[in-house]
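Enquirer: Encoded as structure tokens, here's the structure I'll be asking about.
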Amino acid sequence: MSNIPKDLHYTEDHEWVRIEGDIAIIGITDYAQKELDELVYIEVETVGETLDAGEVFGAVEAVKTTSDLYMPVSGEITEFNPKLDETDGDDPTTVNNDPYGEGWIIKVKMSNTDELSNLLSAVDYQAAISA
């Protein structure tokens with residue numbers, strides 16, 4: 001069974017969202033990192049850009065496959081986790097080891113907090129991955 005913190009919001013594409021004021025901290029769920037297995041590279045070239053919910057903001061590359069990352073909410077991407085950035089730390093396994101903590105991927109200044117109501121609760125996300 002996957003670890004699904006109750007205080008987060010989730011997408012059907014396995015991203016999670018933690019809200020701190022008007023900032024959304026976004027990563028991939030424990031379930032997603034287990035399905036992908038060992039992550040070897042995380043690419044985010046959209047820092048400074050404003051994207052709509054549902055748009056691709058980056059990609060994760062694992063030993064088995066590459067998957068796009070989708071914006072759960074609209075807003076400006078203000079930061080890419082330096083621990084994951086190849087120019088700084090380049091340790092994508094941080095996501096495998098701590099997907100909800102040190103393994104966050106981006107921070108977004110939200111442009112429409114109403115979009116949070118479109119996301120899944122922990123209970124709904126658990127039901128989605130259990131189906």
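Enquirer: From Cα pairs below 8 angstrom and at least 6 apart in sequence, can you work out the relative contact order of the chain, rounded to a whole percent?
Expert: Dividing the mean separation by the residue count of the chain yields 30 percent.
Enquirer: Ok, one more. Most mobile of 63, 44, 95 per a Gaussian network model of the chain (Cα springs, under 10 Å)?
Expert: 63
Enquirer: Within the chain, which is the longest segment that contains none of the GluC sites (Glu not before Pro) sitting in a DSSP loop with at most 15 other Cβ atoms within 10 Å?
Expert: Answer - 56-85.
Enquirer: Using amide H atoms built in the peptide plane, which far-off residues or other-chain residues are under 5 Å from residue 58 H to H?
Expert: 69
Enquirer: Run the numbers for residue 76 and residue 13: contour at 0.36 nm per residue of separation, minus the present Cα-Cα distance, in nm.
Expert: Computed gain between residue 76 and residue 13 is 20.7 nm.
Enquirer: Could you run the Karplus curve 6.51 cos²θ - 1.76 cosθ + 1.60 with θ = phi - 60° over region 99-111 and give me ³J(HN,Hα) per residue in whole Hz, x for Gly and Pro?
Expert: x, 9, x, 4, x, 4, 10, 9, 10, 10, 7, 5, 9
Enquirer: Using a Förster radius of 30 Å, what is the FRET efficiency between residue 122 and residue 56 based on their Cβ-Cβ separation? Nearest 0.05, please.
Expert: About 0.75, to the nearest 0.05.
Enquirer: Would you look at the GNM of the chain, springs on alpha carbons closer than 10 Å, and say which of 28, 19, 105 moves the most?
Expert: Fluctuation is largest for 19.
Enquirer: Now, a different point. Zone of residue 131 (label point 7 Å along Cα→Cβ, backbone N under 16 Å): which residues in region 1-34?
Expert: Answer for region 1-34: 10-15.
Enquirer: How many nm is it between the label spots at residue 86 and residue 47, if each spot is 7 Å from the Cα in line with the beta carbon?
Expert: In this crude label model, residue 86 to residue 47 measures out at 1.5 nm.
Enquirer: In addition: Under the Karplus relation 6.51 cos²θ - 1.76 cosθ + 1.60, θ = phi - 60°, what is the ordered set of whole-Hz ³J(HN,Hα) values for region 34-43, x standing for Gly and Pro?
Expert: So the J values, rounded to whole Hz, are 5, 5, 6, 6, 5, 7, 10, 6, 10, 10.
Where a number appears in this text, it was derived from the coordinates with a stated rule and is not lab data. Note that the structure is a prediction, hence the values are computed from the model and not measured. Heads up, the Cβs are rebuilt from the backbone with ideal geometry, glycines too, and the neighbour counts pull from every protein chain shown.
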